[in-house]
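Notes follow the structure.
Laboratory data are not the source of any read-out in this text; all were calculated from the coordinates shown. Treat the numbers as computed from the prediction; the structure is a model and nothing was measured. Cβ placement follows ideal geometry from the backbone for every residue including glycine, while neighbour counts extend to all protein chains displayed.
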Amino acid sequence: MAPPKQPRSLISGFFRSLRANPGSPSLEIGDDVLTYEQLWNYAGKITTCLKESLDPSEDVVALLASRSVGAYGGILGILGSGRGYCPLNPKFPLERTLTMLNASGCKTLVVGQECAATLEALLPRLEKPLTLIVPDPGWEPKSEALAQHRVIAARQLSKVADPLDPAVDGGATAYLLFTSGSTGIPKGVAVSQANAVAYMEYAAKRFGFHAADRCSHNFDLTFDLSVHDLFTCWDAGATLCPYTEQTLTPATLIEEKGLTCWFSVPSVAMFASKLGLLEPGAFPTLRWSLFCGEALSASLAEAWQQAANKSILENLYGPTEATIAITYYRWDSATSPEECVRGLVPIGWPFDGQQVCAVTEELAPVALGESGELCLGGSQVTGGYLNDPEKTAKSFVRLAHTGDQIWYRTGDLVRQDDRGCLFYLGRRDFQVKISGYRVELQEIDLVLRAAAKTELAVAIPWPLSEGSASGIVGVVSGADPAHDAQIIAACEARLPRYMVPNRIYHFLQIPLNVNGKIDRGKITEMLANWKD
């Protein structure tokens, strides 16, 4: 009798592709190409190790790796064991990485050799002993601080696990990510297997990727859009082609690798435009062009469409709390420019099986055509924030007219027309997108004030261009301009690069609104008229 079939999980599509075509290319990094079988031979050893060495109660394993076989094999190895993965970013300041690792509760860390320096700096700061799995052959970390930790090296990994779907239920964690938090502490979002599978099943139908496709991978693993990159690709038996530092720009990879499927934040396309890469017909191999993570301008959408004139271009929308993306809008050069509001491409319609609702501050639905805060419902909406019931209660709510269903409050303002199409109007609060990353300005405020040694300091997204910002500046009052370099350096020590102010502006007074609060809008106006 055949064993009972396990419910589908995030890794199921990879296993299906592995069994169907083990010799097909799964990963191409630079000049190195790994087949599905070769990638699993690496990952499957990690799976065996985790199954044999870990307490079954350990449901999430941390990963410190970046754009390497260790990174992708580590993710697959963790998922194959039935556990979720929690990616850590070697580009982040050490303090932030420690905060994320401690908050995750992970007792095991898989480390890629490319992160040796980060690991060496991290080890003396760890509060509790860890099990360290270092799967890259020929490398074992060296540090006096290793004495309190258990190290499992590549030479101890030998048996490749069978590529069988792990026995996990839909509520188990597939991956744990941390988003920017207004209190200065990142918020953990545990995305369940059911959440992830709901997205993957819809994406498979919508995009129809196939084994001949060559898919981009532009996002850091700590950015939830990376999950789309990896698993829609492997689900189809296609080849993943990560952007690496050796390539001039991510867009350059399209021609170098003959990419057929593209996914990025609009800022990447904006940079390509500035470099003159969006000439008509420049990307003839692309058949899909997907954008997500920040507002997409109409002018940029049309420029990209002309460059990738054989591709279908879609603008996707969705926060981490609703699993990667949850609405779509397909660009049409003939009709879409007229549908754009304030020069921004609509965010469109919800995926099948997902729900949207625009509400007032009192959570009552607004009429069609009126502005309201976007709430999201459906199988992709996660269960809340890790170990934070207070924040969960504020953001995951019930709407009186929908019964017991849980909705996620996005903080985004939208309006909806009589076709059901959603138009993005801006943010309800001070949460912004910088190069596709979601950022809480208040988090930067706290760090900036400590660095500048003044309470009169505020972070402002600047400069603004077509509805989004390309960076952050600090505006302070009462600090010495001679200390600007030290202020920025202090921010760099505590914040990811995309959150660090690239310049400090000194105001005699910080403008306040009628409620006595810092008037960010007024500050932005003042910056627009600033004369050096």
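Worth a mention:
- Using alpha carbons only, the radius of gyration of region 106-264 set against its Kirkwood radius gives Rg/Rh = 1.00.
- Pairs of alpha carbons in region 247-427 whose separation is greater than 28 Å (percent): 31 percent
- Convex hull volume of the C-alpha atoms in region 12-191, normalised per residue: 124 Å³.
- Scattering curve values for region 380-443, log₁₀ I(q)/I(0), Debye with Cα scatterers, q = 0.13, 0.19, 0.22, 0.27 Å⁻¹: -0.49, -0.99, -1.18, -1.25
- The calculated FRET efficiency for LEU248 paired with ASP169, based on their beta-carbon distance and R0 = 30 Å, is about 0.10.
- Stretchable slack from ARG503 to THR402, in nm (0.36 nm times residue separation minus alpha-carbon distance): 31.7 nm
- Tensor-based shape of region 1-83 (alpha-carbon gyration tensor, a/c under 1.5 rounded, otherwise prolate or oblate): oblate
- Label-to-label distance for LEU456 and LYS394 is 2.7 nm, based on points extended 7 Å past Cα in the beta-carbon direction.
- Calculated diffusion of region 327-439, Stokes-Einstein form, Kirkwood radius summed over Cα pairs, 4 °C and 1.567 mPa s, µm²/s: 86 µm²/s
- Each peptide among 211-217, 366-372, 172-178 gets the average number of other Cβ atoms lying within 10 Å of its residues, and from highest to lowest they stand as 172-178, 211-217, 366-372.
- Of THR247, ALA198, GLY171, farthest towards positive along the dipole that unit charges on Lys, Arg, Asp, Glu beta carbons give region 168-307: ALA198
- Helix-only mean residue ellipticity at 222 nm for the chain, each DSSP H run of n ≥ 4 adding -39500 (n - 2.57), per residue, nearest 500: -8000 deg cm²/dmol
- Remark: region 477-532 is approximated by an ellipsoid whose semi-axes, taken from the C-alpha gyration tensor as √(5λ), come to 23, 14, 12 Å, largest first.
- Label-point separation in nm, GLU370 to ASP480, each point 7 Å along Cα→Cβ: 5.5 nm
- Computed log₁₀ I(q)/I(0) - Debye formula, equal Cα scatterers, no solvent, the chain, q 0.05, 0.06 Å⁻¹: -0.20, -0.29
- Label point 7 Å beyond Cα of ALA147 along Cβ direction - residues of region 105-124 with amide nitrogen under 19 Å: 120-124
- Highest average packing first - 473-481, 61-69, Cβ atoms within 10 Å: 61-69, 473-481
- Relative to the current alpha-carbon distance between TRP530 and GLN156, full extension at 0.36 nm per residue lengthens the span by 128.5 nm.
- In units of the compact-protein estimate 2.2 N^0.38 Å, region 434-528 shows a Cα radius of gyration of 1.01.
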